[in-house]
Structure formats: structure tokens, C-alpha cells
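The next block holds one structure in the form of C-alpha cells; read it before the comments.
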Amino acid sequence: TPVLLFASYNYLASGTATIFHFIYPAMVVLGGIIFLREQIRKNILFCVLICTMGICLFYNPGEPIDPRGSVLALLSGVTYAAYILLLSVSKHKEISGFKFSFYITVICSAVMLLFCLFSGQLTFPVTLKGWLLCLVFSLSLCVGAVVLFQQGTFLIGGQRAAILSTVEPITSIFVGVLVFQEAISIRTAIGSLFVV
């Protein structure tokens, strides 16, 4: 998922790529129906529709859309949906979130290392501050986001976890406004309301 999403940034603006990536809640619901024979409730379907409409409103009509980037970002959403579906039916519910996160992190790190080595894109921070920021970022991502998302998926299921995780772009917008004094458009405000 990260390799596909990061590769899409070579062809699309990160905001546009994120919009395509956020097809995953709809893919989780669809995959649950097709592969897991889950019953779809109307309120879940309605939530997915409203969230998807809200995410689509984040797109700025003037931004170019490259087909290669679009396909890569959409595939990142599909692979993330597959991860959520596998996580929701996993027998690993008995393993602690930290141990499960450790195994996933080791596997993802190995895959990313190979990808970066073969593509010639492996870079390291050059300052102590850079190394410390990488450490803080990786720990907050692995310990915070990954472990909490996994535990949430175990508790409420893949469909609800995927829908609730659409709050992620809202958080980014909020931080952008609060920390970086970014302006928020009417479209983005309406899209945010739809997601919420």
C-alpha cells in the first residue's frame, strides 16, 4: 500500500492521490459482501456513500489527473481494503497489538528497503534532528495509528473501521488550518461535513 501510494505522488498531487486512495472504505464494504458474504446494512451503505462524496469534494477541479498516478493511488486503496478485510477475519486477534504491529512493520520495512534499493531512492537524514524526527514519526505511526487501527478493527469490524478512518483527511485539514494557517475552501468545508 505505501509503495503504491508513494509512487502515485510522482504523477499526481498528494491531495489528489489521497482522494483516489480513499476508495478503500467502499472497497471494504464491497469486498465484505463478495468475499466474506457479509450482510450489508443500509446505514453502512449510506455512510460509505456520504463519506465518498465528501472525500470527492476535496478535489480541486484545476489539478491535473495523470492516468498512471490515478491507477497507482486506486490500487493503494484496493490493497489497503484487502488488508482491512484480512485483519477483520484474522485469527491474530489473540496476539497483542504491539506484537502484531511489530511483525507488520518488519515485513513492510523489508519491502520498502528493497523497493528503495532497486529504485535508487534510498536516502537517510543528514542531521541528528532529522533522525529524531524520523524516530518520532515512525513510533507515532506504528504505536499510535497502526496499533489503534488494528485494535479498533478487531473490536468493531472492518466496515466500521474503514468508514471511521475517513476522519484522517479531516485531521490533516484541521492541522493545516491550525498549524500552517492554510485557507479552507467552501468545497473542503462541505466535504468535511459530509465525512463527519
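The values are calculated or read from the model by the stated rules, or taken from the named source; none is laboratory data. The structure displayed is predicted, hence computed values, not measured ones. In this analysis, Cβ positions are derived from the backbone assuming ideal geometry, glycine residues included, and neighbour counts consider all displayed protein chains. The accessibility values were calculated without ligands, DNA or RNA, using every heavy atom of the protein model including side chains. Shrake-Rupley method; radii C 1.70, N 1.55, O 1.52, S 1.80 Å.
What to note about this one:
- For region 33-43, the set of residues classified as more than 19 Å from LEU86 (Cβ to Cβ) and in a helix (DSSP H, G or I) consists of LYS42, ASN43, listed by residue number.
- Residue check for TYR80: in a helix (DSSP H, G or I) and within 25 Å of ARG37 (Cβ to Cβ): yes
- Considered as a group, the residues in region 93-127 that are within 24 Å of GLN151 (Cα to Cα), open to solvent by 90 Å² or more (accessible area, probe 1.4 Å) and of a type outside the set (A, V, I, L, M, F, W, C) include one that is nearest to the chain's Cα centre (by Cα), and that residue is TYR103.
- Within region 8-32, the set of residues being in contact with a Gly (Cβ under 8 Å, 6 or more places away or on another chain) and assigned to a helix (DSSP H, G or I) comprises SER8, THR16, ALA17, PHE20, HIS21, TYR24, MET27, VAL28, GLY32.
- Applying the set (1) open to solvent by 70 Å² or more (accessible area, probe 1.4 Å); (2) more than 15 Å from the chain's Cα centre (by Cα); (3) farther than 24 Å from GLY32 by Cα to GLY130 leaves exactly one unmet item: (1).
- Scanning region 56-82 for residues that are among the aromatic types (Phe, Trp, Tyr) and either closer than 16 Å to PRO2 by Cα or touching a Phe, Trp or Tyr at 6+ places or on another chain (Cβ under 6 Å) (or both) gives a single hit, TYR80.
- Residue check, GLY54 under 23 Å from LEU12 (Cα atoms) and open to solvent by less than 50 Å² (accessible area, probe 1.4 Å): yes
- Residue satisfying all of: in region 21-42; buried (at least 23 other Cβ atoms within 10 Å of the Cβ) and aromatic (Phe, Trp, Tyr); modelled with the highest pLDDT among these: TYR24
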